[in-house]
1. Over its Cα atoms, what ratio of radius of gyration to 2.2 N^0.38 Å does the stretch 156-260 give?
2. Given the -39500 (n - 2.57) contribution per DSSP H run of 4+ residues, what per-residue ellipticity at 222 nm results for the chain, rounded to the nearest 500 deg cm²/dmol?
3. With +1 on each Lys and Arg Cβ and -1 on each Asp and Glu Cβ, how big is the dipole of the stretch 204-312 about its Cα centre, in debye rounded to the nearest 20?
4. Roughly how compact is the chain, stated as its Cα Rg over 2.2 N^0.38 Å to two decimals?
5. Tell me the relative contact order for the stretch 1-133 as a rounded percent, counting alpha carbon contacts under 8 Å between residues six or more apart.
6. Mind checking the full-extension length gain between residue 206 and residue 87? Use 0.36 nm per residue of separation minus the Cα-Cα distance, one decimal, nm.
7. Could you give the alpha-carbon Rg of the stretch 1-147 over 2.2 N^0.38 Å, rounded to two decimals?
8. Could you please tell me the mean projected area of the C-alpha convex hull for the stretch 140-192, averaged over all directions and given in square nanometres to one decimal?
Amino acid sequence: MRVLGIETTCDETAAAVVQLRQGLGQSLGQGSGGGEILANEVMSQIAEHAAFGGVVPEIAARAHIDVLDRLISRALAHANIGFADLDGIAGAAGPGLIGGVVVGLTTAKALALAAGKPFIAINHLEGHALTARLTDNLDFPYLLLLVSGGHTQLIAVKSVGDYRRLGSTVDDAVGEAFDKVAKMLGLGYPGGPRVEREALMGNALRYDFPRPMLGRPKPDFSFSGLKTAVRLEAERSAPLRGVDIANLCASFQAAVVDTLIDRLRAGLRRFGEEVGPCKSMVIAGGVAANGAIRRALQRFCGESGLRLTLPPLELCTDNGAMIAWAGIERLRLGRTDDLGFPARPRWPLDGDGEAAHHGKA
Ligand code: KG4
Ligand code: ZN
């Protein structure tokens, strides 16, 4: 089974071909996942948005139009296949910037129609949630820490299409906090990798920033107070020298790490109460590329006896392989969608999110 996946919900245009590995389900060895990536083409629009300090929706939509057809051709060429060799075409239908979503979704539908292949509408968050099963032999259920530019959530992943959100941010997403801190310190866009690079050279103990929500039983997150604390400290210390910026970044990142681990503890307790004993956890989303966060999670899971799946960096940030893989997971269960499936700028994974696939939400 082979699926083409198309992703255009934010500022990455991506097309990928993923193939189901033979014998999935029973006889997979440790370390090998359910899928094999035959091609994974990603074109970042960072250069187009950098001058504006963030993603400009109209520019994003136009940039997706400019490159998507070329990326799809390239993905098929790298996979060494044609449309006739595909078993389905999956497109991210949301959540995200509506102009961009429409570009990728309409392209996916048109290709499915023209090639006479099943179409599968994918929730971008489901793509992130299931990536760990593409790369590793991982069974349901597991706890997902989803940390991206738009989302910060703890989700119990019970099966394909069955997700329970245990907690989420009440204000900024963690990636958004990284981006805003970078912006206020003049580090540019996107902020996460730049803050991480500065933090490597800084002293994390220099500033004692707040750890929001620490100890609260409900596994929610809040990052806007932390972001404000960094801004106030940056204003107090102005003009900032290189070492001040590095110290601010290191202290901010340390506060994020502590907060995530504390919230994870609360999430695990919730998981135990609502789903059952938790044996494995997964981190996904662009912020999962952060080395300090990855190391802290490895330590925490090691101490707690939890199996941790960390997708490789290029599968943490937005990509087409995660959409193609989610397409395979759905196609295997016979869950295809009709061509009337709408673009959904807002689309929760849990609650009645799954009902959207049956035209009910
Ligand atoms: O999942 P993603 O590629 O796009 C969204 O769906 O949001 O995540 C992008 C976010 C941005 O906020 C970016 O600053 C953050 O992930 N990010 C990082 C790192 N790399 C990307 N944050 C912290 N450290 C990183 N190394
Ligand atoms: Zn994402």
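Bear in mind that the values in this text are calculations on the coordinates, not laboratory data. Bear in mind the structure is a predicted one, so any value in this text is a computation, not a measurement. Heads up, the Cβs are rebuilt from the backbone with ideal geometry, glycines too, and the neighbour counts pull from every protein chain shown.
1. Ratio of Cα Rg to 2.2 N^0.38 Å: 1.16.
2. -14000 deg cm²/dmol, from helical runs alone.
3. 180 debye
4. Relative to the 2.2 N^0.38 Å estimate, the chain comes out at 0.98.
5. 31 percent
6. Stretched fully, the residue 206-residue 87 segment lengthens by 37.3 nm.
7. That works out to 1.08 for the stretch 1-147.
8. Computed as one quarter of the Cα hull surface, the answer is 4.0 nm².
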